[in-house]
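These notes are about the structure you will find just below.
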Amino acid sequence: MRVIDSHFHWYPKSVFEALCKRTEGFPRGERNPKNGGYNIWTSEGVKRGGAWAEWFDLDGLLAHQTAQGHEMDVVCSLGPFSAYFYEVSTAEGLASAQAWNDEMAWAQNKHAGHLWASGVVPLQDTKVAIDELERSVLKLGLIGVNIPGSIGKTGRIDAERAEE
């Protein structure tokens, strides 16, 4: 039986490492000494959650799924971490989104026909978001992008300015 896991958690470690290097303001990340993963702190300085160390080991995750005895395909998406890309400046959001998208494209190419990945865009600026959407899908070959229900701390995805 062929199974498609659409709730697959693999995250590019480089994006979390960059988040840990932020020294001012929020959001911010820190290594979690208990599980080897990361804790994420929101713009309000509240712990949003984190990511376990296993979520950064793509080959290990895929090997675990193969060991379950089914043909497994996966869809890499983002989940609640997507808010990070909108809670920072446009420049930092774009740089982080591009790093994420580049790594997702690498994983999709490495495991072509087995892993499909979606990207992210920084929604602080509609033109920047559209440009990164086009780069992600048309140049990198990602299957789409993750769009959250909110933009930053107070913006909504249906805000009039997002229609520009």
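The values are calculated or read from the model by the stated rules, or taken from the named source; none is laboratory data. None of these values were measured; they are calculated from a predicted model. When we count neighbours, we look across all protein chains shown, and the Cβ atoms used for this are built from the backbone with ideal geometry, even at glycine. Side chains are part of the model used for accessible areas, which takes the heavy atoms of the whole protein and leaves out ligands, DNA and RNA. Shrake-Rupley method; radii C 1.70, N 1.55, O 1.52, S 1.80 Å.
Think of a 1.4 Å ball rolled over the protein heavy atoms: the chain then has 53 Å² of accessible area per residue. For R48, the amide hydrogen comes within under 5 Å of the amide hydrogens of I40, W41, T42, counting only partners 5 or more places away or on other chains and with H modelled in the peptide plane.
Need one number: % antiparallel among DSSP beta bridges in the chain, to the nearest 5. Show your work: numbers first, answer last.
On the way: 10 of 20 bridges.
DSSP beta bridges in the chain are roughly 50 percent antiparallel.
Residues in segment 67-74 carry Karplus couplings, in order, of 5, 6, x, 10, 6, 10, 10, 9 Hz; the curve used is 6.51 cos²θ - 1.76 cosθ + 1.60 with θ = phi - 60°, and Gly or Pro positions show x.
Can you give the charge dipole size of the chain about its Cα centre, rounded to the nearest 20 debye, using +1 on the beta carbon of Lys and Arg and -1 on the beta carbon of Asp and Glu?
Values: 16 positive and 22 negative charges, 85 e Å.
Here the chain has a charge dipole of around 400 debye.
Between E54 and T90, the C-beta separation translates, for a Förster distance of 45 Å, into a calculated FRET efficiency of about 0.90. Treating r as the C-beta distance of K139 and E30 and R0 as 35 Å, the FRET efficiency rounds to 0.60.
With both labels modelled 7 Å from their Cα along Cα-to-Cβ, the N109 to T42 distance reads 3.7 nm. A protection proxy built from the mean count of other Cβ atoms within 10 Å ranks the segments 112-119, 6-13, 68-75, most packed first, as 112-119, 6-13, 68-75. Amide H to amide H, with H built 1.01 Å from N, V74 comes under 5 Å of D5, L115, W116, counting only residues 5 or more places away or on other chains.
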